[in-house]
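The values are calculated or read from the model by the stated rules, or taken from the named source; none is laboratory data. Here the structure is a predicted model, which is why all the values come from computation and not from measurement. Cβ placement follows ideal geometry from the backbone for every residue including glycine, while neighbour counts extend to all protein chains displayed. For the accessible areas, the whole protein counts, side chains as well, though only heavy atoms, and no ligand, DNA or RNA atoms are used. Shrake-Rupley method; radii C 1.70, N 1.55, O 1.52, S 1.80 Å.
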Amino acid sequence: MVPILPSFQFERTLNKIRFLGYQISIPVLFFAVLLVIGTAVFRDYGVDVDETDNQIYAQCTLEAFSNPFSKQPYSDCSVWKDMSDKNHQITHTPALLASELLLERSLGIKTPRQAILLKHVFSFFIFWLAVVSLYFISHRFLSPAYRLLPSFFLVICPRLFGASFYLYVDVWALSFFIFGILTLIRFIEKPSRSRFIWHCIVSGFGLGVRLTGLIVTAITLGVGVIESIHKKNKRAMPPFRMVLYSASVFLVLFLIWPLLWSGPIQKLSAAIYSTAAFHKNLHFGPYLYFGQWLKGFSPPWHYNLISMLLTLPPITILFFGPGVYFSLKTLPRFENILLFTWFFVPLILAVILKTTLYDGWRHFYFIYPAFALFSAIGFEKVHSKMNQWGARFLIGLMTVGLLWTLKFMVVSHPYEGTYYNLFVGGMKGAFGRFPLDERGISFREGLQRIAEASKPAGDILVNVYMYTRLASDELHLLNPDSLSERVKFVDESKAEFFMTNLTRTVPINWAQHALVFSIDVEGTPILKVYRRTNLQI
(Lines give C-alpha, C1' and ligand atoms only; values in the text may rest on other atoms or scores of the structure.)
Protein backbone atom coordinates (compact mmCIF):
# COMPACT_ATOMS: atom_id res chain seq x y z
CA MET A 1 0.00 0.00 0.00
CA VAL A 2 1.27 3.50 -0.82
CA PRO A 3 2.38 5.48 2.28
CA ILE A 4 0.84 8.96 2.10
CA LEU A 5 2.64 10.65 4.97
CA PRO A 6 5.28 9.48 7.45
CA SER A 7 3.77 6.89 9.85
CA PHE A 8 0.45 7.25 8.03
CA GLN A 9 -0.94 4.40 5.96
CA PHE A 10 -4.11 4.72 3.95
CA GLU A 11 -5.30 1.20 4.70
CA ARG A 12 -4.77 1.50 8.44
CA THR A 13 -6.42 4.93 8.64
CA LEU A 14 -9.55 3.86 6.77
CA ASN A 15 -10.08 0.86 9.00
CA LYS A 16 -9.32 1.97 12.53
CA ILE A 17 -8.46 5.15 14.42
CA ARG A 18 -7.32 5.64 17.98
CA PHE A 19 -9.54 7.82 20.15
CA LEU A 20 -9.08 8.31 23.92
CA GLY A 21 -6.86 5.28 23.99
CA TYR A 22 -9.33 3.01 22.18
CA GLN A 23 -9.18 1.51 18.71
CA ILE A 24 -12.37 2.44 16.85
CA SER A 25 -13.47 0.74 13.66
CA ILE A 26 -14.06 3.37 10.98
CA PRO A 27 -16.88 1.42 9.25
CA VAL A 28 -18.71 0.90 12.56
CA LEU A 29 -18.27 4.57 13.42
CA PHE A 30 -19.54 5.60 9.98
CA PHE A 31 -22.67 3.45 10.19
CA ALA A 32 -23.37 4.63 13.74
CA VAL A 33 -23.05 8.30 12.78
CA LEU A 34 -25.28 7.75 9.74
CA LEU A 35 -27.96 6.19 11.93
CA VAL A 36 -27.77 9.08 14.39
CA ILE A 37 -28.06 11.63 11.57
CA GLY A 38 -31.07 9.83 10.10
CA THR A 39 -32.90 9.75 13.42
CA ALA A 40 -32.11 13.43 13.92
CA VAL A 41 -33.44 14.76 10.60
CA PHE A 42 -36.35 12.48 9.60
CA ARG A 43 -38.91 15.02 10.85
CA ASP A 44 -37.73 17.63 8.35
CA TYR A 45 -39.12 15.98 5.21
CA GLY A 46 -42.51 16.12 3.59
CA VAL A 47 -44.39 13.36 1.83
CA ASP A 48 -44.19 11.98 -1.68
CA VAL A 49 -46.83 12.45 -4.37
CA ASP A 50 -47.80 8.76 -4.13
CA GLU A 51 -48.55 8.91 -0.40
CA THR A 52 -52.32 8.50 -0.72
CA ASP A 53 -52.10 5.57 -3.12
CA ASN A 54 -49.51 3.90 -0.91
CA GLN A 55 -51.79 4.29 2.11
CA ILE A 56 -54.68 2.69 0.23
CA TYR A 57 -52.54 -0.16 -1.01
CA ALA A 58 -51.06 -0.79 2.45
CA GLN A 59 -54.49 -0.97 4.06
CA CYS A 60 -55.87 -3.25 1.35
CA THR A 61 -52.87 -5.56 1.54
CA LEU A 62 -53.14 -5.84 5.30
CA GLU A 63 -56.87 -6.58 4.98
CA ALA A 64 -56.07 -9.26 2.41
CA PHE A 65 -53.56 -10.91 4.75
CA SER A 66 -56.21 -10.98 7.48
CA ASN A 67 -58.61 -12.81 5.14
CA PRO A 68 -56.43 -15.11 3.01
CA PHE A 69 -59.36 -17.21 1.75
CA SER A 70 -61.10 -14.38 -0.07
CA LYS A 71 -61.61 -15.07 -3.78
CA GLN A 72 -60.95 -11.42 -4.66
CA PRO A 73 -58.58 -10.11 -1.94
CA TYR A 74 -58.30 -6.53 -3.12
CA SER A 75 -61.82 -6.15 -4.49
CA ASP A 76 -63.13 -6.81 -0.97
CA CYS A 77 -61.11 -3.89 0.41
CA SER A 78 -63.27 -1.02 1.65
CA VAL A 79 -60.92 1.69 0.34
CA TRP A 80 -59.91 0.08 -2.95
CA LYS A 81 -62.01 2.57 -4.95
CA ASP A 82 -60.61 3.10 -8.43
CA MET A 83 -57.51 0.96 -8.04
CA SER A 84 -57.33 -2.25 -10.06
CA ASP A 85 -54.81 -4.79 -11.29
CA LYS A 86 -54.25 -2.54 -14.30
CA ASN A 87 -52.95 0.24 -12.08
CA HIS A 88 -49.16 0.16 -11.79
CA GLN A 89 -49.48 1.15 -8.13
CA ILE A 90 -50.31 -2.45 -7.27
CA THR A 91 -46.79 -3.54 -8.23
CA HIS A 92 -45.31 -1.45 -5.41
CA THR A 93 -44.03 -3.03 -2.20
CA PRO A 94 -47.22 -4.73 -0.95
CA ALA A 95 -45.60 -6.65 1.91
CA LEU A 96 -43.40 -3.76 3.06
CA LEU A 97 -46.25 -1.28 3.00
CA ALA A 98 -48.41 -3.69 4.96
CA SER A 99 -45.56 -4.35 7.41
CA GLU A 100 -45.12 -0.65 8.05
CA LEU A 101 -48.87 -0.22 8.57
CA LEU A 102 -48.90 -3.17 10.97
CA LEU A 103 -46.03 -1.57 12.92
CA GLU A 104 -47.95 1.69 12.95
CA ARG A 105 -51.01 0.02 14.45
CA SER A 106 -49.02 -2.02 16.96
CA LEU A 107 -47.42 1.19 18.26
CA GLY A 108 -50.85 2.73 18.70
CA ILE A 109 -50.22 5.56 16.27
CA LYS A 110 -53.40 7.51 15.62
CA THR A 111 -52.59 10.81 13.93
CA PRO A 112 -51.60 11.19 10.24
CA ARG A 113 -48.58 13.24 11.28
CA GLN A 114 -47.19 10.44 13.46
CA ALA A 115 -47.92 7.88 10.75
CA ILE A 116 -46.00 9.87 8.12
CA LEU A 117 -43.02 10.37 10.43
CA LEU A 118 -42.95 6.66 11.23
CA LYS A 119 -42.81 5.94 7.50
CA HIS A 120 -39.80 8.24 7.27
CA VAL A 121 -38.02 6.32 10.05
CA PHE A 122 -39.02 2.94 8.62
CA SER A 123 -37.84 3.87 5.13
CA PHE A 124 -34.54 5.32 6.29
CA PHE A 125 -33.79 2.27 8.44
CA ILE A 126 -34.19 -0.02 5.42
CA PHE A 127 -31.86 2.29 3.47
CA TRP A 128 -29.38 2.19 6.35
CA LEU A 129 -29.38 -1.59 6.29
CA ALA A 130 -28.70 -1.41 2.55
CA VAL A 131 -25.73 0.90 3.12
CA VAL A 132 -24.32 -1.59 5.63
CA SER A 133 -24.98 -4.50 3.25
CA LEU A 134 -23.16 -2.75 0.40
CA TYR A 135 -20.10 -2.57 2.63
CA PHE A 136 -20.10 -6.37 2.95
CA ILE A 137 -20.62 -6.75 -0.80
CA SER A 138 -17.57 -4.58 -1.38
CA HIS A 139 -15.41 -7.21 0.36
CA ARG A 140 -15.71 -9.23 -2.86
CA PHE A 141 -14.44 -6.38 -5.04
CA LEU A 142 -12.11 -4.14 -3.02
CA SER A 143 -9.16 -4.42 -0.69
CA PRO A 144 -9.74 -3.47 2.97
CA ALA A 145 -8.67 0.16 2.65
CA TYR A 146 -11.36 0.95 0.09
CA ARG A 147 -14.33 -1.18 1.16
CA LEU A 148 -16.20 1.65 2.80
CA LEU A 149 -16.12 3.85 -0.31
CA PRO A 150 -19.19 2.39 -2.10
CA SER A 151 -21.31 2.82 1.04
CA PHE A 152 -20.04 6.36 1.43
CA PHE A 153 -20.83 7.09 -2.23
CA LEU A 154 -24.36 5.82 -1.59
CA VAL A 155 -24.86 8.21 1.32
CA ILE A 156 -23.14 11.20 -0.26
CA CYS A 157 -25.46 11.07 -3.28
CA PRO A 158 -27.83 13.95 -2.38
CA ARG A 159 -30.83 12.64 -4.30
CA LEU A 160 -30.61 9.21 -2.74
CA PHE A 161 -30.10 10.43 0.81
CA GLY A 162 -33.11 12.74 0.64
CA ALA A 163 -35.22 10.11 -1.09
CA SER A 164 -34.42 7.56 1.61
CA PHE A 165 -36.92 9.27 3.90
CA TYR A 166 -39.89 9.76 1.61
CA LEU A 167 -39.49 8.04 -1.77
CA TYR A 168 -40.33 4.66 -0.34
CA VAL A 169 -40.83 2.49 -3.42
CA ASP A 170 -37.68 3.52 -5.28
CA VAL A 171 -35.39 3.36 -2.25
CA TRP A 172 -36.82 0.05 -1.05
CA ALA A 173 -36.26 -1.37 -4.54
CA LEU A 174 -32.62 -0.26 -4.33
CA SER A 175 -32.25 -1.70 -0.83
CA PHE A 176 -33.67 -5.11 -1.61
CA PHE A 177 -31.58 -5.33 -4.75
CA ILE A 178 -28.53 -4.91 -2.52
CA PHE A 179 -29.86 -7.51 -0.07
CA GLY A 180 -30.41 -9.93 -2.95
CA ILE A 181 -26.89 -9.48 -4.30
CA LEU A 182 -25.39 -9.90 -0.83
CA THR A 183 -27.23 -13.16 -0.16
CA LEU A 184 -26.21 -14.40 -3.61
CA ILE A 185 -22.53 -13.63 -2.95
CA ARG A 186 -22.65 -15.32 0.45
CA PHE A 187 -24.21 -18.42 -1.08
CA ILE A 188 -21.69 -18.58 -3.94
CA GLU A 189 -18.81 -18.18 -1.49
CA LYS A 190 -20.02 -20.96 0.80
CA PRO A 191 -23.01 -22.93 -0.50
CA SER A 192 -25.24 -24.20 2.28
CA ARG A 193 -28.91 -24.95 2.79
CA SER A 194 -29.47 -21.98 5.09
CA ARG A 195 -27.79 -19.53 2.73
CA PHE A 196 -29.78 -20.93 -0.19
CA ILE A 197 -33.03 -20.46 1.74
CA TRP A 198 -32.13 -16.92 2.70
CA HIS A 199 -31.33 -16.04 -0.90
CA CYS A 200 -34.65 -17.49 -2.07
CA ILE A 201 -36.57 -15.49 0.53
CA VAL A 202 -34.75 -12.23 -0.20
CA SER A 203 -35.07 -12.73 -3.97
CA GLY A 204 -38.80 -13.35 -3.71
CA PHE A 205 -39.32 -10.47 -1.34
CA GLY A 206 -37.25 -8.15 -3.55
CA LEU A 207 -39.35 -9.14 -6.55
CA GLY A 208 -42.41 -8.23 -4.51
CA VAL A 209 -40.93 -4.84 -3.66
CA ARG A 210 -40.70 -4.00 -7.34
CA LEU A 211 -40.65 -6.21 -10.40
CA THR A 212 -37.13 -5.02 -11.25
CA GLY A 213 -36.10 -7.53 -8.58
CA LEU A 214 -36.47 -10.07 -11.37
CA ILE A 215 -32.95 -9.01 -12.41
CA VAL A 216 -31.55 -10.53 -9.20
CA THR A 217 -33.27 -13.79 -10.07
CA ALA A 218 -31.89 -13.60 -13.61
CA ILE A 219 -28.36 -12.92 -12.33
CA THR A 220 -28.61 -15.91 -10.00
CA LEU A 221 -29.74 -18.24 -12.76
CA GLY A 222 -27.22 -16.79 -15.21
CA VAL A 223 -24.37 -17.37 -12.80
CA GLY A 224 -25.60 -20.92 -12.25
CA VAL A 225 -25.64 -21.65 -15.96
CA ILE A 226 -22.20 -20.14 -16.58
CA GLU A 227 -20.64 -21.91 -13.61
CA SER A 228 -22.10 -25.22 -14.84
CA ILE A 229 -20.75 -24.66 -18.34
CA HIS A 230 -17.29 -23.98 -16.98
CA LYS A 231 -17.67 -26.89 -14.56
CA LYS A 232 -16.66 -24.72 -11.62
CA ASN A 233 -18.50 -24.46 -8.34
CA LYS A 234 -21.18 -26.86 -9.61
CA ARG A 235 -22.05 -27.57 -6.01
CA ALA A 236 -23.48 -24.04 -5.78
CA MET A 237 -25.97 -24.12 -8.64
CA PRO A 238 -26.56 -27.48 -10.29
CA PRO A 239 -29.61 -27.64 -12.59
CA PHE A 240 -31.98 -29.08 -9.98
CA ARG A 241 -31.08 -26.28 -7.56
CA MET A 242 -31.76 -23.63 -10.21
CA VAL A 243 -35.22 -25.12 -10.73
CA LEU A 244 -35.77 -25.24 -6.97
CA TYR A 245 -34.59 -21.64 -6.65
CA SER A 246 -37.00 -20.42 -9.34
CA ALA A 247 -39.92 -22.26 -7.76
CA SER A 248 -39.01 -20.96 -4.29
CA VAL A 249 -38.81 -17.36 -5.47
CA PHE A 250 -42.23 -17.62 -7.07
CA LEU A 251 -43.64 -19.24 -3.92
CA VAL A 252 -42.33 -16.41 -1.73
CA LEU A 253 -43.73 -13.85 -4.17
CA PHE A 254 -47.09 -15.62 -4.13
CA LEU A 255 -47.21 -15.65 -0.32
CA ILE A 256 -46.42 -11.96 0.14
CA TRP A 257 -48.54 -10.61 -2.72
CA PRO A 258 -52.29 -11.10 -2.25
CA LEU A 259 -52.95 -9.91 -5.78
CA LEU A 260 -51.69 -13.28 -7.04
CA TRP A 261 -53.96 -15.37 -4.86
CA SER A 262 -56.90 -15.20 -7.26
CA GLY A 263 -54.85 -16.28 -10.29
CA PRO A 264 -51.04 -16.36 -10.00
CA ILE A 265 -50.01 -16.52 -13.64
CA GLN A 266 -52.76 -14.26 -14.94
CA LYS A 267 -52.29 -11.59 -12.27
CA LEU A 268 -48.50 -11.64 -12.49
CA SER A 269 -48.69 -11.21 -16.27
CA ALA A 270 -51.09 -8.29 -15.81
CA ALA A 271 -48.75 -6.69 -13.26
CA ILE A 272 -45.75 -7.03 -15.57
CA TYR A 273 -47.74 -5.51 -18.42
CA SER A 274 -48.99 -2.62 -16.29
CA THR A 275 -45.42 -1.92 -15.17
CA ALA A 276 -44.20 -1.77 -18.76
CA ALA A 277 -47.12 0.23 -20.18
CA PHE A 278 -48.62 2.21 -17.33
CA HIS A 279 -48.01 5.51 -19.12
CA LYS A 280 -51.14 4.84 -21.14
CA ASN A 281 -53.17 5.43 -18.00
CA LEU A 282 -51.36 8.53 -16.77
CA HIS A 283 -52.78 12.01 -17.14
CA PHE A 284 -49.80 14.13 -16.24
CA GLY A 285 -48.69 16.90 -18.52
CA PRO A 286 -45.40 17.06 -20.42
CA TYR A 287 -42.11 16.98 -18.54
CA LEU A 288 -39.14 19.30 -18.80
CA TYR A 289 -35.98 18.03 -20.47
CA PHE A 290 -33.23 20.35 -21.76
CA GLY A 291 -35.67 23.25 -21.68
CA GLN A 292 -38.25 21.48 -23.82
CA TRP A 293 -41.63 20.27 -22.61
CA LEU A 294 -41.69 16.73 -23.94
CA LYS A 295 -45.05 15.06 -24.42
CA GLY A 296 -45.79 11.48 -23.51
CA PHE A 297 -43.73 9.15 -21.38
CA SER A 298 -41.27 7.58 -23.79
CA PRO A 299 -38.26 9.88 -23.46
CA PRO A 300 -35.12 9.90 -25.62
CA TRP A 301 -32.82 6.89 -25.24
CA HIS A 302 -30.28 9.00 -23.37
CA TYR A 303 -32.75 10.20 -20.71
CA ASN A 304 -31.50 7.89 -17.95
CA LEU A 305 -27.82 8.47 -18.68
CA ILE A 306 -28.16 12.25 -18.83
CA SER A 307 -30.27 12.33 -15.68
CA MET A 308 -27.58 10.40 -13.83
CA LEU A 309 -24.73 12.43 -15.30
CA LEU A 310 -26.30 15.68 -14.11
CA THR A 311 -27.39 14.59 -10.63
CA LEU A 312 -24.55 12.41 -9.30
CA PRO A 313 -21.54 13.82 -7.41
CA PRO A 314 -18.92 14.62 -10.08
CA ILE A 315 -16.13 12.97 -8.11
CA THR A 316 -17.86 9.59 -8.35
CA ILE A 317 -18.43 10.04 -12.07
CA LEU A 318 -14.71 10.79 -12.52
CA PHE A 319 -13.65 7.31 -11.40
CA PHE A 320 -16.48 5.36 -13.02
CA GLY A 321 -14.73 4.96 -16.39
CA PRO A 322 -11.47 3.68 -14.86
CA GLY A 323 -13.55 1.38 -12.69
CA VAL A 324 -15.21 -0.23 -15.71
CA TYR A 325 -11.84 -0.61 -17.44
CA PHE A 326 -10.04 -2.18 -14.47
CA SER A 327 -13.02 -4.41 -13.69
CA LEU A 328 -12.81 -5.94 -17.14
CA LYS A 329 -9.07 -6.28 -16.81
CA THR A 330 -8.69 -7.63 -13.27
CA LEU A 331 -11.94 -8.98 -11.80
CA PRO A 332 -12.86 -12.68 -11.98
CA ARG A 333 -15.74 -13.83 -14.17
CA PHE A 334 -18.40 -13.92 -11.45
CA GLU A 335 -17.70 -10.37 -10.28
CA ASN A 336 -17.77 -9.04 -13.84
CA ILE A 337 -21.05 -10.79 -14.63
CA LEU A 338 -22.53 -9.39 -11.45
CA LEU A 339 -21.47 -5.77 -11.87
CA PHE A 340 -22.04 -5.43 -15.58
CA THR A 341 -25.44 -7.09 -15.43
CA TRP A 342 -26.42 -5.00 -12.42
CA PHE A 343 -25.54 -1.67 -14.02
CA PHE A 344 -25.63 -1.95 -17.80
CA VAL A 345 -28.37 -4.49 -18.56
CA PRO A 346 -31.23 -2.44 -17.00
CA LEU A 347 -30.11 0.66 -18.92
CA ILE A 348 -29.92 -1.24 -22.20
CA LEU A 349 -33.30 -2.91 -21.65
CA ALA A 350 -34.88 0.46 -20.90
CA VAL A 351 -33.74 1.71 -24.31
CA ILE A 352 -34.77 -1.43 -26.19
CA LEU A 353 -38.17 -1.72 -24.52
CA LYS A 354 -38.77 2.05 -24.52
CA THR A 355 -39.58 1.88 -20.84
CA THR A 356 -41.76 4.57 -19.31
CA LEU A 357 -39.56 7.11 -17.53
CA TYR A 358 -40.09 10.45 -15.85
CA ASP A 359 -38.92 12.41 -12.80
CA GLY A 360 -35.30 11.72 -13.59
CA TRP A 361 -33.70 8.31 -13.04
CA ARG A 362 -35.48 7.44 -9.78
CA HIS A 363 -36.90 4.23 -11.29
CA PHE A 364 -33.29 3.13 -11.76
CA TYR A 365 -31.90 3.99 -8.34
CA PHE A 366 -31.29 0.27 -7.86
CA ILE A 367 -28.37 0.34 -10.34
CA TYR A 368 -26.50 3.06 -8.43
CA PRO A 369 -24.80 0.64 -5.97
CA ALA A 370 -23.13 -1.01 -8.98
CA PHE A 371 -22.07 2.45 -10.16
CA ALA A 372 -20.63 3.13 -6.69
CA LEU A 373 -18.70 -0.14 -6.80
CA PHE A 374 -17.29 0.69 -10.24
CA SER A 375 -16.21 4.13 -8.99
CA ALA A 376 -14.57 2.70 -5.89
CA ILE A 377 -12.73 0.10 -7.99
CA GLY A 378 -11.54 2.88 -10.30
CA PHE A 379 -10.29 4.96 -7.39
CA GLU A 380 -8.47 2.00 -5.80
CA LYS A 381 -6.70 0.98 -8.99
CA VAL A 382 -5.67 4.50 -9.96
CA HIS A 383 -4.55 5.32 -6.41
CA SER A 384 -2.51 2.12 -6.06
CA LYS A 385 -0.59 2.84 -9.28
CA MET A 386 0.48 6.36 -8.29
CA ASN A 387 3.63 7.50 -6.55
CA GLN A 388 3.50 9.13 -3.13
CA TRP A 389 2.74 12.66 -4.34
CA GLY A 390 0.23 11.47 -6.90
CA ALA A 391 -1.53 9.44 -4.21
CA ARG A 392 -1.65 12.50 -1.95
CA PHE A 393 -3.18 14.55 -4.73
CA LEU A 394 -5.78 11.88 -5.44
CA ILE A 395 -6.78 11.63 -1.78
CA GLY A 396 -7.09 15.41 -1.66
CA LEU A 397 -9.16 15.49 -4.83
CA MET A 398 -11.54 12.83 -3.52
CA THR A 399 -11.84 14.59 -0.16
CA VAL A 400 -12.58 17.98 -1.69
CA GLY A 401 -15.08 16.50 -4.12
CA LEU A 402 -17.01 14.67 -1.42
CA LEU A 403 -16.92 17.62 0.98
CA TRP A 404 -18.23 19.91 -1.77
CA THR A 405 -21.21 17.64 -2.27
CA LEU A 406 -21.67 17.27 1.48
CA LYS A 407 -21.76 21.05 1.79
CA PHE A 408 -24.71 21.18 -0.62
CA MET A 409 -26.53 18.50 1.37
CA VAL A 410 -26.10 20.37 4.65
CA VAL A 411 -26.91 23.85 3.34
CA SER A 412 -29.85 22.71 1.20
CA HIS A 413 -31.42 20.34 3.74
CA PRO A 414 -34.16 19.08 3.51
CA TYR A 415 -34.10 19.65 -0.26
CA GLU A 416 -31.09 17.48 -1.07
CA GLY A 417 -33.28 15.70 -3.61
CA THR A 418 -33.21 18.70 -5.92
CA TYR A 419 -29.44 18.43 -6.50
CA TYR A 420 -27.86 19.16 -9.87
CA ASN A 421 -24.08 19.06 -10.28
CA LEU A 422 -21.56 21.33 -11.98
CA PHE A 423 -21.95 19.56 -15.35
CA VAL A 424 -25.19 21.48 -15.82
CA GLY A 425 -24.11 24.53 -13.84
CA GLY A 426 -25.67 23.52 -10.55
CA MET A 427 -29.17 24.56 -9.58
CA LYS A 428 -28.97 27.81 -11.52
CA GLY A 429 -27.98 25.99 -14.69
CA ALA A 430 -30.79 23.46 -14.26
CA PHE A 431 -33.50 26.06 -13.68
CA GLY A 432 -35.83 26.23 -16.65
CA ARG A 433 -34.11 23.26 -18.28
CA PHE A 434 -34.94 20.40 -15.91
CA PRO A 435 -37.51 19.85 -13.16
CA LEU A 436 -36.19 20.71 -9.72
CA ASP A 437 -38.61 19.60 -7.00
CA GLU A 438 -40.56 17.15 -9.14
CA ARG A 439 -41.80 15.17 -6.10
CA GLY A 440 -43.21 18.25 -4.37
CA ILE A 441 -41.22 17.99 -1.14
CA SER A 442 -41.21 21.80 -0.79
CA PHE A 443 -45.02 21.86 -0.49
CA ARG A 444 -44.83 21.30 3.25
CA GLU A 445 -42.78 24.44 3.89
CA GLY A 446 -44.80 26.38 1.32
CA LEU A 447 -48.08 25.64 3.09
CA GLN A 448 -46.52 26.27 6.49
CA ARG A 449 -45.33 29.72 5.45
CA ILE A 450 -48.66 30.58 3.80
CA ALA A 451 -50.55 29.56 6.94
CA GLU A 452 -48.26 31.39 9.34
CA ALA A 453 -48.35 34.62 7.32
CA SER A 454 -52.11 34.65 6.74
CA LYS A 455 -54.90 36.26 8.73
CA PRO A 456 -55.07 34.95 12.31
CA ALA A 457 -58.53 33.48 11.69
CA GLY A 458 -60.68 32.21 8.87
CA ASP A 459 -60.09 29.92 5.92
CA ILE A 460 -56.89 30.11 3.89
CA LEU A 461 -57.87 29.56 0.26
CA VAL A 462 -55.07 28.00 -1.79
CA ASN A 463 -54.91 26.87 -5.41
CA VAL A 464 -52.16 24.34 -6.17
CA TYR A 465 -51.02 23.86 -9.72
CA MET A 466 -51.11 20.08 -10.02
CA TYR A 467 -50.49 17.78 -7.05
CA THR A 468 -53.44 19.06 -5.04
CA ARG A 469 -53.70 15.65 -3.41
CA LEU A 470 -50.04 15.89 -2.39
CA ALA A 471 -50.62 19.30 -0.86
CA SER A 472 -53.55 17.82 1.07
CA ASP A 473 -51.25 15.11 2.45
CA GLU A 474 -48.68 17.72 3.44
CA LEU A 475 -51.28 19.47 5.62
CA HIS A 476 -50.87 16.73 8.19
CA LEU A 477 -47.32 17.92 8.86
CA LEU A 478 -48.17 21.57 9.56
CA ASN A 479 -47.34 22.83 13.01
CA PRO A 480 -49.46 23.54 14.99
CA ASP A 481 -52.04 21.05 13.77
CA SER A 482 -54.78 23.68 13.92
CA LEU A 483 -53.32 25.39 10.85
CA SER A 484 -54.18 22.39 8.69
CA GLU A 485 -57.87 22.83 9.47
CA ARG A 486 -57.86 26.35 8.05
CA VAL A 487 -56.21 25.59 4.71
CA LYS A 488 -58.74 24.86 1.95
CA PHE A 489 -57.83 23.89 -1.61
CA VAL A 490 -60.02 25.62 -4.18
CA ASP A 491 -60.03 26.31 -7.90
CA GLU A 492 -58.26 29.32 -9.38
CA SER A 493 -61.27 31.65 -9.42
CA LYS A 494 -61.74 31.40 -5.64
CA ALA A 495 -58.14 31.25 -4.44
CA GLU A 496 -56.26 33.86 -2.48
CA PHE A 497 -52.93 32.08 -2.78
CA PHE A 498 -51.40 30.16 -5.70
CA MET A 499 -48.61 27.60 -5.26
CA THR A 500 -46.52 25.77 -7.85
CA ASN A 501 -43.33 23.70 -7.86
CA LEU A 502 -42.75 24.61 -11.54
CA THR A 503 -42.83 20.98 -12.62
CA ARG A 504 -44.12 19.10 -15.67
CA THR A 505 -45.96 21.88 -17.53
CA VAL A 506 -45.82 25.65 -17.47
CA PRO A 507 -48.32 26.85 -14.85
CA ILE A 508 -51.35 28.87 -15.77
CA ASN A 509 -50.65 32.55 -16.24
CA TRP A 510 -50.19 33.98 -12.77
CA ALA A 511 -48.30 37.08 -13.92
CA GLN A 512 -51.26 39.19 -12.87
CA HIS A 513 -50.72 38.07 -9.28
CA ALA A 514 -48.04 39.16 -6.83
CA LEU A 515 -45.16 36.83 -6.02
CA VAL A 516 -45.10 36.80 -2.22
CA PHE A 517 -42.29 34.34 -1.60
CA SER A 518 -40.32 31.48 -3.08
CA ILE A 519 -38.41 28.59 -1.56
CA ASP A 520 -34.91 28.65 -2.97
CA VAL A 521 -32.01 26.22 -3.15
CA GLU A 522 -28.67 27.85 -3.97
CA GLY A 523 -30.58 30.98 -4.93
CA THR A 524 -32.80 29.04 -7.35
CA PRO A 525 -36.58 28.80 -6.76
CA ILE A 526 -38.02 25.32 -6.40
CA LEU A 527 -41.45 26.55 -5.32
CA LYS A 528 -43.28 29.84 -5.81
CA VAL A 529 -46.30 31.24 -4.01
CA TYR A 530 -48.40 34.06 -5.45
CA ARG A 531 -51.21 36.07 -3.91
CA ARG A 532 -54.12 37.60 -5.71
CA THR A 533 -53.34 41.19 -6.67
CA ASN A 534 -54.21 43.96 -4.19
CA LEU A 535 -53.90 41.64 -1.21
CA GLN A 536 -50.91 41.82 1.11
CA ILE A 537 -49.49 39.24 3.46
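You will find that of Gly291, Gly263, Gly360, Gly285, the residue that is among the small types (Gly, Ala, Ser), modelled with pLDDT under 90 and under 22 Å from the mean Cα position of the chain (by Cα) is Gly360 and no other. Within the range 484-520, being of a type in the set (A, V, I, L, M, F, W, C) and either open to solvent by 80 Å² or more (accessible area, probe 1.4 Å) or modelled with pLDDT under 80 (or both) holds for Leu502, Val506, Ile508, Trp510, Ala511, Leu515.
Pick from the range 215-237 the residues that are modelled with pLDDT of 90 or more and surrounded by fewer than 17 Cβ atoms within 10 Å (Cβ to Cβ): which of them is nearest to the chain's Cα centre (by Cα)?
Restricting to residues being modelled with pLDDT of 90 or more and surrounded by fewer than 17 Cβ atoms within 10 Å (Cβ to Cβ), the top hit is Ala218.
The residue that is farthest from the chain's Cα centre (by Cα), among those in the range 420-445 that are touching a residue at least 40 places away in the same chain (Cβ under 8 Å), assigned to a helix (DSSP H, G or I) and over 16 Å from Asp50 (Cβ atoms), is Lys428.
For the range 403-413, residues that are open to solvent by less than 20 Å² (accessible area, probe 1.4 Å) and not hydroxyl-bearing (Ser, Thr, Tyr) total 2.
Being under 18 Å from Leu134 (Cα atoms) and either crowded, with 17+ Cβ neighbours inside 10 Å or within 18 Å of the chain's Cα centre (by Cα) (or both) is the filter here; which residues of the range 332-350 pass it? Lay out the reasoning, then the answer.
So the first thing to find is which residues in the range 332-350 are under 18 Å from Leu134 (Cα atoms), and the list is 334-343.
Selection gives Phe334, Leu338, Leu339, Thr341, Trp342, Phe343.
Could you check, for the range 154-165, whether at least one of its residues is touching a helix residue (DSSP H, G or I) at 6+ places or on another chain (Cβ under 6 Å) and under 30 Å from Met242 (Cα atoms)? Scanning the range 154-165, I find no residue that is touching a helix residue (DSSP H, G or I) at 6+ places or on another chain (Cβ under 6 Å) and under 30 Å from Met242 (Cα atoms), so the answer is no. For the criterion of being out of contact with any strand residue (DSSP E or B) (no Cβ under 8 Å at 6 or more places or on another chain), among the β-branched types (Val, Ile, Thr) and open to solvent by 50 Å² or more (accessible area, probe 1.4 Å), Val424 fails. Of all residues in the range 351-362, those that are open to solvent by 70 Å² or more (accessible area, probe 1.4 Å) have Cβ atoms under 9 Å from Cβ atoms of residues that are in a loop (DSSP other than H, G, I, E, B) and hydroxyl-bearing (Ser, Thr, Tyr), 6 or more apart or on another chain, in Lys354/Ser298.
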